[in-house]
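Where a number appears in this text, it was derived from the coordinates with a stated rule and is not lab data. Quick caveat: nothing in here was measured; it's all calculated off a predicted structure. Neighbour counts run over all protein chains shown; Cβ positions are idealised from the backbone, glycine included.
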């Protein structure tokens, strides 16, 4: 077997029949002298709605000696890459609209009516624009709930606020994608139309993205070493598995649930749908198709029940628990379940080789909610985590930082921009960066 004597380009793309397959990082992409390759940083927002049962979230001790609380316990295996932050306040506290509307924008203002839609450019878009020259997709915006960009959802305010985190401009919210088929085709190939009939025709053809590039993929494999062949095999197996799961979900929706108005490709079971959405995010990051993902595990005011964990009550009504200990405990079970699902995703990232480490080493993930005490829609002391190694930019994990003076969460967004090497003087209502690396207690 003839191994490559010259390094492959880092952005190796295989094309065929309208499909594009971007390969993950391979040893063959190292320079001939095998100098150290610096992996790019990636940013992700992972949003949980309707606030938090704060007494089950907030650690008592500060610094490195804090104990994991019931909600944070599922993340124990990732403690050394976890920064828990307390004391930050929401930039804009307009009930649910401000929670998600300012989470990535840091805006101190918003609209006052259903048709007055105002925020600011969100940091995922700013970071995505910065790295757009190096990636095929500037950013992904994904959600477990159907988008709604019209009508009033929170008081008299537009649903645009509660259904997205991402804003292209101060007056242009971006829809979050629910449908895994649409995400898959955006990443790896498109049917050429968003028309339902065109998508159904593609489904009937049973044409795989991998089949489209198969000849080129086989030719490349013959030139790769055993280690790289294994990496490509694992990656393409994952791509094919996602294709299979999406196709199965589409078949089940078309055959078993013909009366349910649900976008083609979204499995009816929450956990199955979530697993697909998270795997698509991992594949997109692994192949460097994008370096920015914004994800909502639920929209603000989500009424999703969780009978699978013993909480049949709808999430949003339960969040208004009137401080009833029994209801607060149930709310905490939802919060813990979200953390458990997030931990599963972190495990997949950590198991994915990337450059001189793994994807989690090179990720900076903002996890949490834009509301703290959900019963009163409080924007004080937001429940927030930074996870991952940030490609060496987050140097001091395993800490709980309690900020004094209630600085704005917009300051955290500005800090993240700085850590992502995206210069900015201000984000939303920010007043300066936070010293998250230099101090164990603030």
Cα-only Debye scattering, the stretch 321-442: base-10 log of I(q)/I(0) at q = 0.10 Å⁻¹: -0.39
Stretchable slack from residue 230 to residue 73, in nm (0.36 nm times residue separation minus alpha-carbon distance): 53.1 nm
State, as an integer percentage, the relative contact order of the stretch 283-442 based on alpha-carbon contacts under 8 Å between residues 6 or more apart. 13 percent
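Which shape class, rounded, prolate or oblate, goes with the stretch 106-187 when its Cα gyration tensor gives a ≥ b ≥ c as root eigenvalues, a/c under 1.5 marks rounded, and past that a/b bigger than b/c marks prolate? All intermediate terms of the calculation are to be shown ahead of the outcome.
Working: a/c = 3.27, a/b = 1.43, b/c = 2.29.
It comes out oblate by the Cα gyration axes.
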By how many nm would the segment from residue 215 to residue 271 lengthen if fully extended, with 0.36 nm per residue of separation less the alpha-carbon distance? 16.7 nm
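Going by average Cβ neighbours within 10 Å, how do the peptides 269-279, 307-317, 353-363, 43-53 rank, with the highest at the top?
Values: 269-279: 17.8, 307-317: 14.5, 353-363: 20.3, 43-53: 25.9.
The densest-packed peptide leads the list: 43-53, 353-363, 269-279, 307-317.
Given N residues in the stretch 47-89, what is Rg(Cα) / (2.2 N^0.38 Å)? Write down the numbers at each step before the final one.
Values: Rg = 10.7 Å, N = 43, 2.2 N^0.38 = 9.2 Å.
That ratio works out to 1.16.
Could you sort 366-379, 397-410 so that the peptide with the highest average Cβ count within 10 Å comes first and the rest follow in order? Intermediate results must be reported in sequence, preceding the final value.
Details: 366-379: 22.7, 397-410: 19.0.
Packing order, densest peptide first, comes out as 366-379, 397-410.
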Listing 243, 234 from the residue with the fewest other Cβ atoms within 10 Å to the one with the most, what is the order? 234, 243
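Beyond 18 Å, what share of the Cα-Cα pairs of the stretch 393-442 is found? Please give it as a whole percent.
29 percent
Scaled to the compact-protein estimate 2.2 N^0.38 Å, what is the alpha-carbon radius of gyration of the stretch 272-322, rounded to two decimal places? Walk me through the numbers on the way to the answer.
On the way: Rg = 15.0 Å, N = 51, 2.2 N^0.38 = 9.8 Å.
Its radius of gyration relative to the 2.2 N^0.38 Å reference: 1.53.
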What's log10 of I(q)/I(0) for the stretch 64-166 at q = 0.11, 0.17, 0.20 Å⁻¹, Debye sum over Cα points only, no solvent? -0.48, -0.94, -1.04
Length gained, residue 134-residue 395, 0.36 nm per residue minus C-alpha separation, equals 91.4 nm
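Based on the Kirkwood radius over alpha-carbon pairs, what value in µm²/s does the Stokes-Einstein equation return for the translational diffusion coefficient of the stretch 270-376 at 10 °C and 1.306 mPa s?
Numbers: Rh = 15.5 Å.
Roughly 103 µm²/s, to the nearest whole number.
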Please state, to two decimals, what the Cα-based radius of gyration of the stretch 102-142 comes to when divided by 2.2 N^0.38 Å (N = residues). 1.44
